[in-house]
Amino acid sequence: MSFARRIRIGIDVGGTFTDVVAVDAGTRQVVGYTKVATTHDAAEGVARGILDALRGILDRHAIQPEEITFLAHSTTQATNALLEGDVSRVGVIGTGRGITGWQTSLGTRFGALKLAEGRYLDSVPAFARDSAEHFEKDLAAALRRMKDEQIGSIVVVEAFSVDDPETETLMAEAAREAGFAATATHEVSSLYGLRLRLRTAAINAAILPKMIETSEKTAAGVADSGVDATLMIMRSDGGVMSLDEMRRRPILSFLSGPAAGIAGALMYEKISDGIFLEVGGTSTDISVIRDGLPQTRPATIGGNRVFLNTLDVRTIGLAGGSMLRVKEGRIDGVGPRSAHIAGCRYLAFSSLEEIESARLEEIATAGDEANRYLVFVTPDGSRIAPTLTCAANCLGYVEANQYASGDSAVTREGFARLGKHLAMGAEEVAGVMFDHALPLVEAPLHRLIREYRLDPDMVELIGGGGGAAAILPALSRRLGWTTRISHHAPIISAIGVALAMVKEVVERNVVNPSDEDVLRVRHEARHAAVRAGATPETIEVRVEVDRQRNILRATATGASEIREARAEEGKELDDEAVREIAVRSLGMDGEHVQLAGTAGGFRVFLGVEPVRRLGGLWRGKRVGVRVIDTEGVVRLRRTRGRVLESTAGGLGSELSGAVAEESVYGDAGQVLPDVFLLHGGRIANFTGISQVEHVVKLAMDELQGAAEDEAVVALICRKEYDA
């Protein structure tokens, strides 16, 4: 039997609900979605909810198991385990000789490691002397001691294992043969820094037994359902990893929930630059997307920095379900308590009869006794809350087709009664709620713009989550920024899981890396992505050089399958239609916008518009660059840039001089421009490189296998630099 469809399944495991979505791999259209309760208390844990969600969508939308080519899920299990202290006791076995052995021995004695407020990881240290006479005997004794101490998992550590992992590997194998889950420090990070690497490995080991148990139950259930696709797990940096990789490094799934929404914005909405706000009922996650990449930062767990990069997500305690807070008969604010947590229904989704028969009452909620919230209480004791979503409906911010759209008659009546109680008009109450709420959102937005040096005139706010339609329109009115709500906003996280790419990151401590070092780490990342399940044809690698920390980093992303051509690709937009998109994006008159280059299905437009200031006494120009793909999606935008058209065979001789010419100089020396290479349907990103020679080497490596006469375009964008 053959099946025409190829289906990708994404499952987003939230604190309350587990969402599952089926996406056609060829067209990227949503085939169907459903929701089940997250099963924290089931004997199988969250695995039960994942399997219930999978079976539910197969049955409801007549999807055959044989049609599924990709299956992935996010997980809150690692995050919840660390926040709640639900972890195994860890045994730490070190080895070494001389000074480094002494340092390793001291490092194993870190005692109780803080995971969250009031939550700690307990550890038991041991040491095996690194000598032919003592090593095996000491290691065996250490493992017997760990059995007696009822240790759940083992960490093995040697000071310089990132250079020579042989001893750590032997120790980890011995621990596993003895029945322990085990982590070697070189498996979680290839960076120097014994203290950080050891603590990262200890946290990884602490969640290892439970994560392995859940993964095995999930994998068994998936197999029983007849699905033959490889099960993948969402990572904290927005990619996915194989089940085998998760069993080795479950710490990579820490904070994978917010990462799912970002993946949806990138892969489904194809956002190149913007700020993504995933608005739920209780909180909002805010993060930056730049050059088609999510921004990351080093993670901290319990105040401890670890060797783990997570998406840079700023979370605020404000969302669509945030309740109206009062004090002494006046509006005091909105939130932080939400209707979901307080056990209240939304005013906008209630009936007119309920509101007309209800009384207004100020209540406190468990865990937030200091604040008072104004709610309607029905004769049967049900509580109905005026939330931020309800205020948005009252003010007409929510369009009728949006998930947050409620009953307008009920909302008007409810806010009229609130107004009488507070001696205000109905819309005035709703407006004051937003006056209190929006500054809480604006503050992190402005911080992100400053930190990432975004151009405020180019910022686009993209909303996902069920509460997005309540917050984004109000922000647009207040700030004047461009905003839009993502398609299928309530399930954008599940879509993100379904469309996520395999990702692998390779890091090395290298001082003044050579061309060979740069190419070596690039190839290592590519091979790692293949091992993790990415198909070689789809892999793209970005290399960065962190000169301050002497870190050479390569990030490889690729699809786990060769994706079919999308249905829309048979109807490519013509030159004039794409040019109109560029004109709108640049905000210039059409006469000032010209096609500057084409390569690999991309069109590059350059806008140069004269401006007059100071009453015409000063004349200048405004420059902008846009890269647009065949579907009309703006894939890259810059406020300045030089377009270099060339061929795969001739680029090397031209690129070096162009990059040098567009460099700027200051106290830190030469600062290279941002360089992008357009070819073969790819945009290769060289923005993290600090030497001209490395840019040229990476570009030539990128073009290996291309025909000599293949058209390529290099976009070279001078950085704004403050000396």
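Computed from the coordinates by the stated procedures, all read-outs in this text should not be read as laboratory data. Only a predicted model underlies this, so the values are computations on that prediction, with no experimental measurement involved. We place every Cβ from the backbone using ideal geometry, glycine too, and count neighbours over all the protein chains shown.
Just the C-alpha atoms of the stretch 118-219: what Rg/Rh do they give, with Rh taken as the Kirkwood radius?
Numbers: Rg = 13.8 Å, Rh = 14.2 Å.
Rg/Rh: 0.97.
If you wrap the Cα atoms of the stretch 256-500 in a convex hull and average its projected area over all directions, you get 13.8 nm².
Computed over the stretch 219-259, the P(r) tail beyond 12 angstrom holds 58 percent of alpha carbon pairs.
Enclosing the Cα atoms of the stretch 228-345 in their convex hull gives a volume equal to 168 cubic angstrom per residue.
Arrange THR200, THR535, THR296 by Cβ neighbour counts within 10 Å, fewest through most, would you? Display every interim value, and only then the final one.
Numbers: THR200 26, THR535 15, THR296 19.
Exposure proxy ranking, most exposed first: THR535, THR296, THR200.
Most simply put, the chain has about 75% antiparallel DSSP beta bridges, counting only bridges with both residues inside it. Annotation: amide H of PHE127 within the under-5 Å range of GLY94, sequence separation 5 or more or interchain, hydrogens built in the peptide plane. Alpha carbon centre of the stretch 321-369 versus the stretch 26-65: separation in Å? Measuring centre to centre over Cα atoms gives 33 Å. The stretch 486-556 and the stretch 570-609 have Cα centres spaced 30 Å apart. For the stretch 501-558, a Kirkwood radius taken over Cα pairs fed into Stokes-Einstein (4 °C, viscosity 1.567 mPa s) yields D = 115 µm²/s.
Dividing the summed -39500 (n - 2.57) terms of all DSSP H runs of n ≥ 4 by the residue count of the chain sets its mean residue ellipticity at 222 nm at -10500 deg cm²/dmol. Scoring 435-447, 181-193, 276-288, 386-398 by mean Cβ neighbours within 10 Å over their residues and listing the highest first yields 386-398, 276-288, 181-193, 435-447.
What is the fewest-to-most order of ARG359, ARG129 by other Cβ atoms lying within 10 Å of their Cβ? The partial results should precede the final answer.
On the way: ARG359 10, ARG129 15.
By the 10 Å Cβ count, ascending, the order reads ARG359, ARG129.
Relative to the compact-globule estimate of 2.2 N^0.38 Å, the Cα radius of gyration of the stretch 7-133 comes out at 1.61. Scattering from the stretch 485-603 was approximated by placing one identical point on each alpha carbon and applying the Debye formula without solvent; log10 I(q)/I(0) at 0.11, 0.18, 0.19 1/Å stands at -0.65, -1.01, -1.02.
Our note on the geometry: Cα centres of the stretch 99-146 and the stretch 374-397, 56 Å apart. Amide H contacts of ILE485 (H built 1.01 Å from N, in plane; Pro and chain starts excluded): GLY463 sit under 5 Å, all sequence-distant by 5 or more or on other chains. Taking the number of Cβ atoms within 10 Å of each Cβ as an exposure proxy, the fewest-first ranking of PHE415, PHE602 is PHE602, PHE415.
Translational diffusion of the stretch 627-723, estimated by Stokes-Einstein from the Kirkwood radius over alpha carbon pairs at 10 °C in a medium of 1.306 mPa s, is 114 µm² per second.
In the chain, the inverse of the mean reciprocal separation of distinct Cα atoms equals 27.9 Å; this is its Kirkwood hydrodynamic radius. Need the list of lysines near LYS420 for cross-linking: C-alpha distance under 29 angstrom, and skip anything on the same chain fewer than eight residues off. Straight-distance partners of LYS420: LYS327.
At q = 0.18, 0.21 Å⁻¹ the log10 of I(q)/I(0) for the stretch 143-277 amounts to -1.05, -1.21, computed by Debye summation with a single uniform scatterer per C-alpha, solvent ignored.
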